[in-house]
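Reading through the structure tokens given below for one structure.
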Amino acid sequence: MLQRRNTIRDHSAEANLVARRAFAAFIFVLVLIAILFVNIYNLQVNDSESYKTRSNENRIKLLPVAPNRGLIYDRNGTLLAENRPVYNLEVVPEDVKNISETIDQVSNYIDITAEQKEKFLKSIRRTRRFKSQVLKNRLTPDEVAVFSVHQHKFPGFSIEARLARFYPYGDTLTHALGYVAKLNKTELFDLQAQELDTNYRATRDIGKLGIEKYYEQMLHGTVGSQEVEINNRGRIIRTLSESEPVPGKDLVLTIDIGLQQVAQEALGDRRGAIIVLDARDGGVLAFYSNPSYDPNLFVHGISSKDYRALLNPDSPQLNRVTKGIYPPASTIKPHMAVLALDENVVTEKTQIHDPGFFQLPNADHKWRDWQPWGHDKVDVYKAVEQSCDTYFYEVSYRLGIDRISDFMYKLGFGQRTGIDIHEEKTAILPSREWKESRYKVPWYPGDTPSVGIGQGYWTATPMQIANSVNILVNKGVHHPPHLVAATKHADQVQILHRDEKPPVVLKNPKNWDIALKAMHNTVLRGTAKPAFLGSEYDSAGKTGTAQVVSIAQDKEYDADSLQEKHRDNAMYVGFAPFSNPEIVVTVAVENTGGGSSVGAPTARKLMDYYFSNKPESLVGKP
């Protein structure tokens, strides 16, 4: 039989163990409570503002409000670019029971295609149903009127209006004004890089070309905001406060719309460019490139069909005024005369014999004059007024390419004129360095004679030619060409003052007068005389015929035997009145023949209009 084993328990030790465990548990609980209180303190005291703000953001939202884009006027106050209301049919999906069936019913009053319906039904699957969605945009006035009568039948459907850019003169001003169109990702990235993206939070469109692009920041304005209260589904309950957007500044152009329309009519169906400058300040009175296109096509998104129509050989999207590249031809002979006189290569009375051609010493090649039998003995006046090529072959050979390129650069060739649009090319002002860089061969003496009559390697834009003539007319004073005269904001007009560029200084300033007098003679008894017979104003000018392709030594130019694109370009530069110049006119017409038969008569139409409807000068206007 087993005996029970007696154990002796140490009650004191057990009590101490329990006490230690209880104390440890108490400390642990105390630490947890402390941590809890610290977190509560942080939440309610230290971080209270942060959580309060986050809470408010869940129920208060700041909505951007787009500003109205600035308007654009011509110098006489005629509206050239405006904002017109566009009416859209919009739907709040959650307010419509059977949306597909209801759209079919609405189509009895508004033409809604199957494609529009399908696109809309797909779009509302990706958006909140309480938000208004566009079913059809750009409703006609008739559609607006008809639906408004029956709108009560269709809860959730409404006609909403927004402002969109509109150009009332269509293709007349496209290359000057440019246009606005939908803001794309590349442009948005550019705005972000410039830290301007916050000002475009509510904006759909941005300037793409011309003045609309160059003056984008002035025209756009400043975004406003609405502080609204929303529920947990994002629906607006009420508006708490508003900050009105600041409209963009209006622009007043130097352009005269009447003269611009005359330029368009004068070119007709012919490709080319016309520029009319205010000789007194460089303001552009007319700026037309033909063919053109309607900028309104791009505002709402151009269709594939319309865009394909613009991709034709006539290149209507090319701005020929600032990006058209032409040999300046004889329009630069007055410039060459000034340089030759100032460098003492010739004097006012120097005569050069013209047998109808020019040859370099010990060379067989002949540079031919436009008149095969020549002009006999020619001084600087006769050389300009009769456009004697041989005289300027000789003069350019004596000058050399270095002096020619240096002087012509001062007159603005080979560089951008700085006119206030981004679309401008530098063209080519030939020089020794340019040829070596471009062709890896030196400049030869035989390269120079053609440059003396504005041919060979030399090309220029019509704007460069116009700018150079304006410097000539102002005897070296350089008025930068510009399209915008002033801004208007809140009924305040601010003239945009531009810094004059450094003047072109001659050794003998009287040489300007000799060249200008020769241009005067060109109209009185020279190559431009037939075009200006009977004019009521006294003008001066210079004709030019730009050769597009070279003609072999033993061949004669025959327009009928050439493709149209290889025929000569007609050029003309002129100014009036001769004694106190107000305007400078430059004309370039592609593949149409001579400057005297086409260029000068075109210029006269512009001068006739100007002096019959002379616009008020903006020079010094407050």
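The values are calculated or read from the model by the stated rules, or taken from the named source; none is laboratory data. Fair warning: this is a prediction, and the values are worked out from it, not measured in the lab. Because the Cβ atoms are built from the backbone with ideal geometry, glycine has one as well, and the counts that use them run over all protein chains shown. Surface accessibility is based on the protein's heavy atoms, side chains included, excluding ligands, DNA and RNA. Shrake-Rupley method; radii C 1.70, N 1.55, O 1.52, S 1.80 Å.
Couple of notes before you dig in:
- Residue within region 272-293 that is modelled with pLDDT under 90 and among the polar types (S, T, N, Q) present: no
- Residue within region 200-207 that is open to solvent by 10 Å² or more (accessible area, probe 1.4 Å), of a type in the set (Asp, Glu) and assigned to a loop (DSSP other than H, G, I, E, B) present: no
- Verdict on residue 238 being within 19 Å of residue 132 (Cα to Cα) and either among the β-branched types (Val, Ile, Thr) or not in a helix (DSSP H, G or I) (or both): yes
- Cross-chain or 6+ apart pairs with Cβ under 6 Å, region 274-297 first and over 19 Å from residue 609 (Cα atoms), then aromatic (Phe, Trp, Tyr) and open to solvent by 10 Å² or more (accessible area, probe 1.4 Å): 295/179
- Checking each residue of region 49-63 against the condition of being open to solvent by 40 Å² or more (accessible area, probe 1.4 Å) and either part of a loop (DSSP other than H, G, I, E, B) or more than 30 Å from residue 238 (Cα to Cα) (or both) gives no match.
- Residues that are of a type in the set (S, T, N, Q) and buried (at least 17 other Cβ atoms within 10 Å of the Cβ), drawn from region 363-399: 386, 387, 390, 396
- Test result for residue 546, of a type in the set (A, V, I, L, M, F, W, C) and modelled with pLDDT of 95 or more: no
- Under the condition of being surrounded by 15 or more Cβ atoms within 10 Å (Cβ to Cβ), at pLDDT 95 or above and not hydroxyl-bearing (Ser, Thr, Tyr), the residues counted in region 489-523 number 13.
- Given (1) surrounded by fewer than 15 Cβ atoms within 10 Å (Cβ to Cβ); (2) outside any loop (DSSP other than H, G, I, E, B), index of the condition residue 77 fails: (2)
- Unique match (being modelled with pLDDT of 95 or more and over 17 Å from residue 333 (Cβ atoms)) among 470, 474: 474
- Test result for residue 138, under 18 Å from residue 96 (Cα atoms), of a type in the set (Lys, Arg) and either loosely packed, with under 12 Cβ neighbours inside 10 Å or at pLDDT below 90 (or both): no
- Residue within region 31-47 that is among the hydrophobic types (A, V, I, L, M, F, W, C), touching a Pro at 6+ places or on another chain (Cβ under 8 Å) and at pLDDT 80 or above present: no
- Any pair with Cβ under 7 angstrom, 6 or more apart, that starts in region 185-200 at a residue that is under 18 Å from residue 218 (Cβ atoms) and of a type in the set (Phe, Trp, Tyr) and ends at one that is assigned to a helix (DSSP H, G or I) and open to solvent by less than 50 Å² (accessible area, probe 1.4 Å): 200/191
- Meets criteria (within 30 Å of residue 208 (Cα to Cα) and either open to solvent by less than 30 Å² (accessible area, probe 1.4 Å) or in contact with a strand residue (DSSP E or B) (Cβ under 7 Å, 6 or more places away or on another chain) (or both)) for residue 421: yes
- Only one of 490, 486, 466 that is out of contact with any helix residue (DSSP H, G or I) (no Cβ under 8 Å at 6 or more places or on another chain) and on the phi > 0 side of the Ramachandran plot: 490
- A count restricted to region 575-601 and to residues that are closer than 19 Å to residue 479 by Cβ and open to solvent by 20 Å² or more (accessible area, probe 1.4 Å) stands at 6.
- Yes/no for residue 552 being small (Gly, Ala, Ser), modelled with pLDDT under 95 and open to solvent by 30 Å² or more (accessible area, probe 1.4 Å): yes
- The residue of region 202-242 that is farthest from residue 176 (Cα to Cα), among those that are at pLDDT 80 or above and small (Gly, Ala, Ser), is 225.
- Pair list, Cβ under 7 Å, 6 or more apart: region 401-419 residue under 24 Å from residue 485 (Cα atoms), other residue at pLDDT 95 or above and acidic (Asp, Glu): 416/424; 417/424
- Identity of the residue in region 247-282, touching a His at 6+ places or on another chain (Cβ under 6 Å) and open to solvent by less than 20 Å² (accessible area, probe 1.4 Å), that ends up nearest to residue 604 (Cα to Cα): 282
- Within region 166-185, the set of residues being modelled with pLDDT of 90 or more and either surrounded by fewer than 24 Cβ atoms within 10 Å (Cβ to Cβ) or among the aromatic types (Phe, Trp, Tyr) (or both) comprises 166, 167, 168, 169, 170, 171, 172, 179, 181.
- Residues of region 571-595 satisfying the condition of being part of a loop (DSSP other than H, G, I, E, B) and not hydrophobic (A, V, I, L, M, F, W, C): 577, 579, 580, 581, 582, 590, 591, 592, 593, 594
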